[in-house]
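K.L.:
Here it is, the structure, as structure tokens.
The values are calculated or read from the model by the stated rules, or taken from the named source; none is laboratory data. Remember, it's a predicted structure, so these values are computed and weren't measured experimentally. Note that we place each Cβ from the backbone using ideal geometry, even for glycine, and neighbour counts take in every protein chain shown. With ligands, DNA and RNA removed, areas are computed over all heavy atoms of the protein, side chains included. Shrake-Rupley method; radii C 1.70, N 1.55, O 1.52, S 1.80 Å.
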Amino acid sequence: MASSKAPISVAVIGVGLVGSAFLKQLALPALAPHVRLVYASSSKRELYSASGIQASELSNSTAAPSLDGLLQRLTALGGRAVVVDNTSDERVAQFYPKFLNAGISVVTPNKKAFSGPLALYQQIVSAPPPARALHESTVGAGLPIIQTLNDLVQTADKVLRIEGVLSGTLSYIFNEFSPAANASSAPPFSQIVKEAREKGYTEPHPADDLSGSDVARKLTILSRLVPELVTALPEGYLSVSVSSLVPDALKDIKTGDEFVQRLPEFDEYFSGLRSEAEKEGKVLRYVGVVDVEKGVVRAALEKYSATHAFATALGGSDNIIAFHTQRYSPRPLLVQGAGAGADVTAMGVMSDLLKLLR
Ligand SMILES: NC(=O)C1=CN([C@@H]2O[C@H](COP(=O)(O)OP(=O)(O)OC[C@H]3O[C@@H](n4cnc5c(N)ncnc54)[C@H](OP(=O)(O)O)[C@@H]3O)[C@@H](O)[C@H]2O)C=CC1
Ligand SMILES: N[C@@H](CC=O)C(=O)O
Ligand code: NA
């Protein structure tokens, strides 16, 4: 990463699980000559100094966060600057074109801008260089999924189908709830969802995972990187066919806390689904598919044989993504590993920042 350039100014929006892990990685001594943290914000406060800040001082600030204010400050600073959005906030996502058009890069694990309406996505990808919007951690957390797909496409391989387990939360839930052996001694469904939340795998509202929306967002992001499907999903994740695991009675629950409190009412329903699979010698796994040849993008809870790789090879929050391409055929290119969790997600965010430094 040797560079004689002035350090890049880094503004971090969101210091929750991923944001805090990112700040730790940003403080690595090897990075010190190359980066300067000038801004940090939570949903309630912000801290800025052109000469650099200590993120630990954010909690003492009384200033309310302002995206317009941040844009003005970074523009006035001049030089290279990057906004690192570690929120899942839609409003922050909608602000990316303004940052990019002002020459400020964006690095983020937030899926909202890349998986929503096509118009916002197109504004982002058509922003003028040198500003770039990088989002490796939006799919598979730190796993090299976006990079791999871009490499396949840019070297003129033809993508035929992408399929796999794309949710760390749903992987954890079904690896624990519907293992290949001794499924009936597994804890209740609701308890495992609670654990996934405590481990930092879920979205701020776990219904976003159980509804399939988070997987639909990831499938949208992947589809838009495949030349044949760039414009195939005009409404983004809403255009993807998904099967939801959220019980009807819990659909409108506003907070994640209330959602997990009410979920035990439905433990019996989920045990029933598992028993049906067990009778066929199968396990439950939530799988997403981008079928380029058929033009189909969908996600659903499926039954797999207890000897299938999705049943035997996955543990914890593992994602597994298979790229079936003209070159990687008949055997796909596989990427597998932890697909959720603060440290691995922050690593993917950091890997994007390192790309900007090179
Ligand atoms: N956790 C994971 O394993 C993965 C997460 N991601 C993505 O990473 C992002 C962050 O996830 P995670 O850290 O787990 O979530 P958290 O809920 O822990 O953190 C999000 C933080 O964003 C802050 N925030 C919300 N709105 C704003 C705003 N307008 N301005 C400043 N700060 C704001 C919140 O602040 P406050 O505390 O004040 O409310 C909160 O602390 C999400 O987009 C998620 O989808 C992607 C891959 C994996
Ligand atoms: N909630 C998501 C986090 C990463 O994107 C998941 O479980 O995969
Ligand atoms: Na990734």
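K.L.:
TYR269 is checked against (1) open to solvent by 70 Å² or more (accessible area, probe 1.4 Å); (2) under 17 Å from ASN319 (Cβ atoms); (3) of a type in the set (Phe, Trp, Tyr) and fails just one. What number does that condition carry?
P.N.:
TYR269 satisfies every listed condition except (2).
K.L.:
OK, next. Cβ-Cβ distance below 7 Å, separation of 6 or more or different chains: which pairs start in region 52-63 with a residue that is closer than 9 Å to ALA40 by Cα and end on one that is of a type in the set (Lys, Arg) and not in a helix (DSSP H, G or I)?
P.N.:
LEU58/ARG45
K.L.:
Those residues that are away from ligand 1 (no atom under 13 Å from the Cβ) and closer than 20 Å to THR345 by Cβ, I need them from region 25-46; list them, please. I'd like the intermediate steps shown before the answer.
P.N.:
Initial filter on region 25-46 (away from ligand 1 (no atom under 13 Å from the Cβ)): 25-38.
Across region 25-46, the qualifying residues are GLN25, LEU26, ALA27, LEU28, LEU31, VAL35, LEU37.
Yes or no, residue by residue, for (1) surrounded by fewer than 17 Cβ atoms within 10 Å (Cβ to Cβ); (2) away from ligand 3 (no atom under 13 Å from the Cβ); (3) within 25 Å of ALA342 (Cβ to Cβ):
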| residue | (1), (2), (3) |
| --- | --- |
| LEU152 | no, yes, no |
| SER171 | no, yes, yes |
| SER178 | no, yes, no |
| PRO187 | yes, yes, yes |
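K.L.:
Kindly indicate whether SER329 is open to solvent by 20 Å² or more (accessible area, probe 1.4 Å), closer than 25 Å to VAL226 by Cβ, not charged (D, E, K, R) and not assigned by the TED database to the domain that holds LYS251.
P.N.:
Values: open to solvent by 20 Å² or more (accessible area, probe 1.4 Å): yes; closer than 25 Å to VAL226 by Cβ: yes; not charged (D, E, K, R): yes; not assigned by the TED database to the domain that holds LYS251: no.
The answer is no for SER329.
K.L.:
When ASN319 is evaluated against the numbered criteria (1) open to solvent by less than 20 Å² (accessible area, probe 1.4 Å); (2) modelled with pLDDT under 95, which criterion, by number, is the only one it fails?
P.N.:
(2)
K.L.:
Applying the selection to region 152-168, what residues are closer than 20 Å to LYS218 by Cβ and not acidic (Asp, Glu)? Steps first, answer last, please.
P.N.:
Taking region 152-168 first, the residues closer than 20 Å to LYS218 by Cβ are 152-153, 159-168.
Scanning region 152-168 gives LEU152, VAL153, VAL159, LEU160, ARG161, ILE162, GLY164, VAL165, LEU166, SER167, GLY168.
K.L.:
When region 262-308 is examined, which residues are found to be touching an Asp or Glu at 6+ places or on another chain (Cβ under 7 Å) and more than 18 Å from SER211 (Cβ to Cβ)?
P.N.:
Scanning region 262-308 gives VAL292, LYS303.
K.L.:
Right, another one. May I ask you to list pairs of residues, at least six apart or on different chains, whose Cβ atoms are under 6 Å apart, with the first in region 127-154 being of a type in the set (Asp, Glu) and the second being within 6 Å of ligand 3 (Cβ to nearest atom)?
P.N.:
The qualifying pairs are GLU136/ILE146; GLU136/GLY348.
K.L.:
Here's a follow-up. Need pairs with beta-carbon distance below 7 Å; first residue in the same structural domain as GLY316 (by the TED database) and within region 195-214, second at pLDDT below 95 and not in a helix (DSSP H, G or I); sequence gap 6+ or separate chains.
P.N.:
Close Cβ pairs satisfying both conditions: ASP209/GLU203; ASP214/GLU203.
K.L.:
I'd like the full set of residues that are small (Gly, Ala, Ser) and either surrounded by 16 or more Cβ atoms within 10 Å (Cβ to Cβ) or not assigned by the TED database to the domain that holds PRO187 (or both), limited to region 245-266.
P.N.:
From region 245-266, those small (Gly, Ala, Ser) are 249, 256; that's our starting set.
Result: GLY256, single match.
K.L.:
Can you tell me which residue among SER213, SER190, SER178, SER223 is modelled with pLDDT of 95 or more, over 19 Å from LEU334 (Cβ atoms), among the polar types (S, T, N, Q) and touching a Pro at 6+ places or on another chain (Cβ under 9 Å)?
P.N.:
SER190
K.L.:
Moving on. Restricting to region 171-182, name every residue that is touching a helix residue (DSSP H, G or I) at 6+ places or on another chain (Cβ under 6 Å) and either at positive phi or among the aliphatic types (A, V, I, L, M) (or both). First the steps, then the outcome.
P.N.:
So the first thing to find is which residues in region 171-182 are touching a helix residue (DSSP H, G or I) at 6+ places or on another chain (Cβ under 6 Å), and the list is 172-173, 176-178, 180.
If the condition is that a residue be touching a helix residue (DSSP H, G or I) at 6+ places or on another chain (Cβ under 6 Å) and either at positive phi or among the aliphatic types (A, V, I, L, M) (or both), then ILE173, ALA180 are the ones that fit.
K.L.:
Also, quick follow-up: Considering each residue of region 176-198, count those that are of a type in the set (Asp, Glu) and part of a loop (DSSP other than H, G, I, E, B), and give that number. Lay out the reasoning, then the answer.
P.N.:
Quick first cut of region 176-198, residues of a type in the set (Asp, Glu) only: 176, 195, 198.
Restricting the remaining residues to those that are part of a loop (DSSP other than H, G, I, E, B) gives none.
Total satisfying the criteria: 0.
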